[in-house]
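K.L.:
Got a structure for you, written out below as structure tokens; questions coming shortly.
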Amino acid sequence: MIDPPGEAKFDVDITIGLYKACGQPWGPDPENPWPDSHGENDLCCSLIGKTWDEYKQEFQEHGWWDCKELYPHNWGTYRRYETGALRARQGVEPLPHEQMVPGFNTPTMKEEVWSTVIETYHPDDALELPDWHEPPRTERSRPDLADAYPLLATTGRRIPVYFHSEHRQLPWCRELWPVPRMEINPADAERLGIEQGDWCWIETEFGKIRETADLYYGVPEGVVNLEHQWWYPEITEPGRGFQFSAVNQLISPDDGDPLCGSSNLRAYMVNVYKATAENSPYGNPCPCLEDGTEIIHDASDARLKEWLPQYDGRSE
């Protein structure tokens, strides 16, 4: 096991820190209102009769477990809401038959469209549930933006090589998928003078980024599908090149969900145009630093070899 680097923290530590900064206790224990993640992990592991340290040690020796083999009648099954296993709260061991009540982990035991939890704790907000509202920055809700930002953007799709922001530093992943891709309908691309693989600017009134064009008939005309969470480990400055392609820079900071705070990641208006030497910093459509250091954008880039694991002092 290794300690996480200084710029990385476990989600639980971040959340506990937010509670502490707001002066709100994390749990009911007055003697320890803000525990550390180790204690919380101990609590989670107690469900399987282990401490966090014991679990870590077993994981180092064993690796991932197959829950279908360990718990074939409960955790390792599908459609648990039909058998009652989904509502098991006492860990992952099978419950007595009389406690196996079918349903979901909601007060009504149903998959709720109308949230009874919100109705109970936020009755004013519950008056609007269930409901649908036009996203805050579309042609319908903001027709004044249509001329400057004529395309509708969506983001957050899953791709087979990466998971959210993970694995950009793995050489075999970057060889397969070196740069972010913007899916765009070929008709829109032709109209904008964009060809497959071109670096393109995507901008809103809040910021602008670059991704490469991926012509795809599966995206409707008038829509672009952006990749999210891109950063570049080969960029040595503290931001690791997040400013080049991170879609969060395009999103309004004021359009969050009033209950959970989630930002508006879908259906916002953007302008798209081809990146050229004339409209790009340092005369380079490809993202780069002031000294001309480009991001890795080709599978043959020699820097990928530097990321290979070292075994006994040799690259394998």
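K.L.:
Check GLN229: other-chain or 5+ apart residues with amide H under 5 Å from its amide H, H built from backbone geometry?
P.N.:
When sequence neighbours closer than 5 places are left aside, the close amide H contacts are VAL247, ASN248.
K.L.:
Going down the table (LYS9/LYS305; LYS20/LYS56; LYS56/LYS110; LYS9/LYS208), which pairs top 32 Å between alpha carbons?
P.N.:
LYS56/LYS110
K.L.:
What does the helix-only formula give at 222 nm for the chain: each DSSP H stretch with n ≥ 4 adding -39500 (n - 2.57), the total divided by the residues, and the result rounded to the nearest 500 deg cm²/dmol?
P.N.:
Helix contribution divided over all residues of the chain: -5000 deg cm²/dmol.
K.L.:
How large is ³J(HN,Hα), in whole Hz, for each residue of segment 196-203 in order, when computed from phi with the Karplus curve 6.51 cos²θ - 1.76 cosθ + 1.60 and θ = phi - 60°, using x for Gly and Pro?
P.N.:
3, x, 5, 6, 10, 7, 10, 9
K.L.:
Okay, moving on. Over segment 172-316, what relative contact order in percent results from Cα pairs under 8 Å that are six or more residues apart?
P.N.:
Contact order relative to length: 26 percent.
K.L.:
Taking DSSP loops as anything outside H, G, I, E and B, show the longest stretch in the chain free of chymotrypsin sites (Phe, Trp or Tyr not before Pro) there with at most 13 other beta carbons within 10 Å.
P.N.:
218-316
K.L.:
Let me know the charge dipole size of the chain about its Cα centre in debye, to the nearest 20, where only the beta-carbon of Lys, Arg (+1) and Asp, Glu (-1) is charged.
P.N.:
Magnitude of the dipole: close to 500 debye.
K.L.:
State in Å² the accessible area per residue of the chain; use a 1.4 Å probe, count heavy atoms of protein chains only, and round to the nearest integer.
P.N.:
I get 64 Å² per residue for the chain.
K.L.:
Along the Cα-to-C-beta direction of ASP255, a point sits 7 Å from the Cα; which residues of segment 199-235 have their amide N less than 12 Å from that point?
P.N.:
Output list for this probe position: 204-207.
K.L.:
Put a dot 7 Å past each Cα toward the Cβ at ASP291 and MET109; how far apart are the dots in nm?
P.N.:
It works out to 6.6 nm between the two label points.
K.L.:
Using a 10 Å Cβ count of at most 11 others and DSSP loop calls, identify the longest part of the chain lacking such trypsin sites (Lys or Arg not before Pro).
P.N.:
159-316
K.L.:
Same structure again: Excluding SER263 itself, calculate the net charge of residues whose Cβ lies under 13 Å from the Cβ of SER263, where each Lys or Arg counts +1 and each Asp or Glu counts -1.
P.N.:
-1
The values are calculated or read from the model by the stated rules, or taken from the named source; none is laboratory data. All values derive from a computational prediction rather than experimental measurement. Here the Cβ is made from the backbone with ideal geometry for all residues, glycine too, and neighbour counts use every protein chain on show. When the accessible area is computed, the model is the full protein with side chains, heavy atoms only, and any ligands, DNA or RNA have been set aside. Shrake-Rupley method; radii C 1.70, N 1.55, O 1.52, S 1.80 Å.
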